[in-house]
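Take a look at the structure set out below.
Just so it is clear, none of the values below were taken in a lab; they were calculated from the coordinates. None of the values given here were measured: they were computed from a predicted structure. Cβ coordinates were reconstructed from backbone atoms using ideal geometry, including for glycine residues, and neighbour counts include every protein chain displayed.
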Amino acid sequence: MDLLAKINNRRALVGIIGLGYVGLPLVLRFCEVGFPVLGFDTDARKVDLLNRGESYIKHIPAARLAELRQPGGGQGRFSATSDLGRLGEPEVLIICVPTPLTRMREPDLRYVENTARQIAATLRPGQLVSLESTTYPGTTAELLLPILSATLRVGQDFYLVFSPEREDPGNTRFQVRTIPKVVGGITPACLEHGVALYSQVIDRVIPVSSTQAAELSKLLENTYRAVNIALVNELKMLCLRMGVDIFEVIEASKTKPFGFQAFYPGPGLGGHCIPIDPFYLTWKARQYDFSTRFIELAGEINSNMPYFVVQRVMEILSKHGKALSGASILVLGIAYKKDVDDDRESPSLKIIDLLRQRGAKVDYNDPHIPRYIGGRHYPGLEMTSIPLTAETLKEADLVLLVTDHSAYDYHWIAAEAKLIVDTRNAFKGQSGEHIFVA
Ligand SMILES: NC(=O)c1ccc[n+]([C@@H]2O[C@H](COP(=O)([O-])OP(=O)(O)OC[C@H]3O[C@@H](n4cnc5c(N)ncnc54)[C@H](O)[C@@H]3O)[C@@H](O)[C@H]2O)c1
């Protein structure tokens with residue numbers, strides 16, 4: 001049976017490399033429609049948990065993983081391994097490994113490149129490789145293809161596509177199946193195989209003419225968000241000076257039925273995508289002697305937001321007769337966004353770091369992140385979430401709301417806290433001389 005037939009009959013073994021926020025939901029979806037799936041991750045702890053039917057991502061219930069460990073019931077079988085020597089087994093290999101930035105804010109393609117080399121070691125005729133990690137235009141054709149095509153011919157022996165992931169963790173309105181998926185292939189045959197694969201699991205697949213177009217489409221989506229968030233962040237700072245409520249303004253503008261999409265200001269960008277991806281494009285543009293000025297400006301405004309919040313906190317404390325140095329501050333929320341358990345690039349961490357540098361005593365509460373340990377950017381920062389009680393709220397000189405989790409009871413917090421600085425409009429509609437926007 002050839003590869004297309006195996007895909008169409010859902011007999012192809014699907015290998016998913018990188019079982020994180022992107023890879024794991026894909027595992028579930030492929031299994032759901034009956035494909036057998038072999039998951040690969042270099043993190044042996046994750047592999048062990050998955051093979052025991054346990055989950056390490058809050059919005060992926062362990063029960064769903066446990067079900068997949070039991071064959072039958074119309075679902076595909078799933079197992080996980082950290083043995084990358086088995087990459088030759090699956091017919092399909094989907095790469096979902098991280099694509100961070102280096103310290104110098106340049107693309108760090110170490111994980112993608114290592115994965116490509118590991119695939120190349122066992123690549124055989126009849127395999128389809130799809131890169132889903134967000135990256136600059138050219139990665140699939142310029143980095144992956146030369147590594148993979150050392151001994152085999154692309155489009156004949158094996159197939160190579162790029163198909164960007166559009167996962168939005170915590171968003172319950174969309175599932176993997178209902179989020180349309182863009183696919184670009186190195187050759188027409190590659191594209192045909194890629195479209196065949198994703199059509200099995202996704203309602204709408206959009207083929208584009210090249211892997212570069214698919215790569216750039218993802219960066220356009222995330223740059224669009226970064227630039228528009230920067231715009232409202234700048235307007236928020238202006239509105240505060242003017243004494244106008246930016247959130248009221250946005251709600252009013254939102255009533256326009258065409259030509260406007262609402263974006264909301266906040267404490268700064270967070271997460272694995274929006275603060276990082278636009279810089280992949282900036283870096284690539286430099287090779288073409290081109291400067292992406294919108295991206296640079298948006299980056300400047302957005303990365304200044306934690307400094308702006310800290311400045312506001314300092315001014316508000318000072319108006320109430322307190323210096324920031326020595327003040328006790330309770331930060332609510334260190335996840336990078338509402339209702340998730342992911343603290344990557346979270347603006348809370350930058351804000352906590354800045355507050356501490358200025359002599360404040362900082363505690364945090366986050367119902368989804370019980371403990372924070374250092375990390376690459378803040379190696380010395382180790383904290384445990386303190387309980388949110390009337391006492392802890394009262395004891396703080398100022399409560400700083402950074403992440404607007406649904407679990408918080410905002411009326412109760414407003415009643416107990418002395419001073420509140422709200423970066424998300426979470427206390428909207430509540431009057432009180434002690435609540436301030438930042
Ligand atoms: N998280 C999101 O919401 C989101 C959305 C769209 C796109 N993306 C993109 O998807 C990619 C993955 O992001 P994520 O959030 O799932 O990351 P993640 O850190 O949650 O997961 C990546 C996994 O890959 C594993 N890994 C690293 N190197 C490996 C290797 N050589 N072989 C096998 N496994 C390896 C890690 O152990 C980790 O479990 C990134 O490019 C990201 O930009 C993420």
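Quick notes
- Out of every Cα-Cα pair that the chain contains, those further apart than 40 angstrom amount to 25 percent.
- Global geometry of region 279-397, whether rounded, prolate or oblate, following the gyration tensor of its Cα atoms and the 1.5 cut on a/c: prolate
- Cut-off under 5 Å, modelled amide H: who pairs with residue 205 long-range: 181
- Greater than 20 Å apart at Cα, pairs in 236/428; 58/394; 254/350; 256/428; 46/338: 58/394; 254/350; 256/428; 46/338
- Relative to one another, the C-alpha centroids of region 64-123 and region 184-232 are positioned 20 Å apart.
- For region 128-139, Karplus couplings with θ = phi - 60° (6.51, -1.76, 1.60), whole Hz, Gly/Pro x: 10, 10, 10, 8, 10, 4, 5, 7, 6, x, x, 4
- The residues neighbouring residue 208, those whose beta-carbon lies less than 12 Å from its own, together hold a net charge of +1 under the Lys/Arg +1, Asp/Glu -1 convention.
- Dipole size of region 333-422 about its Cα centre, with +1 on Lys/Arg Cβ and -1 on Asp/Glu Cβ: approximately 360 debye, rounded to the nearest 20.
- The eigenvalues of the Cα gyration tensor, multiplied by 5 and square-rooted, give region 305-365 an equivalent ellipsoid with semi-axes of 22, 11, 10 Å from largest to smallest.
- Region 218-309 gives an Rg/Rh value of 1.02, both radii derived from C-alpha positions and Rh following Kirkwood.
- Cα gyration tensor shape for region 90-197, rounded if a/c is under 1.5, else prolate or oblate: oblate
- Across region 278-288, rounded Karplus estimates of 3J(HN,Hα) from the backbone phi angles (6.51 cos²θ - 1.76 cosθ + 1.60, θ = phi - 60°) give x, 6, 5, 6, 4, 4, 5, 4, 4, 5, 9 Hz, Gly and Pro being marked x.
- Working from label points 7 Å from Cα in the Cα-to-Cβ sense, the residue 44 to residue 320 distance is 5.0 nm.
- Region 370-434 versus region 14-32: alpha-carbon centroid distance in Å: 34
- Residues whose amide H falls under 5 Å from that of residue 128, counting only those 5 or more places apart or on a different chain, are 92, 93, 159, with hydrogens built in the peptide plane.
- Once the Cα atoms are used to define both axes, helix 23-32 deviates from the longest principal axis of the chain by about 50 degrees.
- The H on the amide N of residue 328, modeled in the peptide plane, is under 5 Å from the matching H of 361, 397, 398, each at least 5 residues off or on a different chain.
- Options 126, 214, 273, ranked by Cα towards positive dipole end of the chain, top entry (Cβ charges): 126
- When peptides 195-202, 116-123, 63-70 are ranked by their average number of other Cβ atoms within 10 Å per residue, the highest-first order is 195-202, 116-123, 63-70.
- Ellipticity at 222 nm from helices only: DSSP H runs of n ≥ 4 in the chain, each -39500 (n - 2.57), divided by the residue count, give -11500 deg cm²/dmol.
- Toward the positive end of the charge dipole of region 3-106, with +1 on the Cβ of Lys and Arg and -1 on the Cβ of Asp and Glu, the farthest Cα among 30, 98, 40 is that of 30.
- Candidates 365, 171, 302, ranked by Gaussian network fluctuation over the chain, Cα under 10 Å, top entry: 171
- A Gaussian network model of the chain, with springs between Cα atoms under 10 Å, assigns the largest mean-square fluctuation among 226, 44, 335 to 44.
- Charge tally around residue 341: other residues with Cβ under 10 Å, Lys/Arg +1 each, Asp/Glu -1 each, net -3.
- Farthest positive-ward along region 50-206 dipole, Cα basis, beta-carbon charges - from 175, 202, 155: 175
- The 3J(HN,Hα) values that the Karplus relation (6.51, -1.76, 1.60; θ = phi - 60°) gives for region 230-242 are, in residue order, 4, 4, 6, 5, 5, 5, 4, 5, 5, 4, 4, 5, 7 Hz. Gly and Pro appear as x.
- Neighbourhood charge, 14 Å Cβ-Cβ cut-off, centred on residue 375 and excluding it, Lys, Arg +1 and Asp, Glu -1: 0
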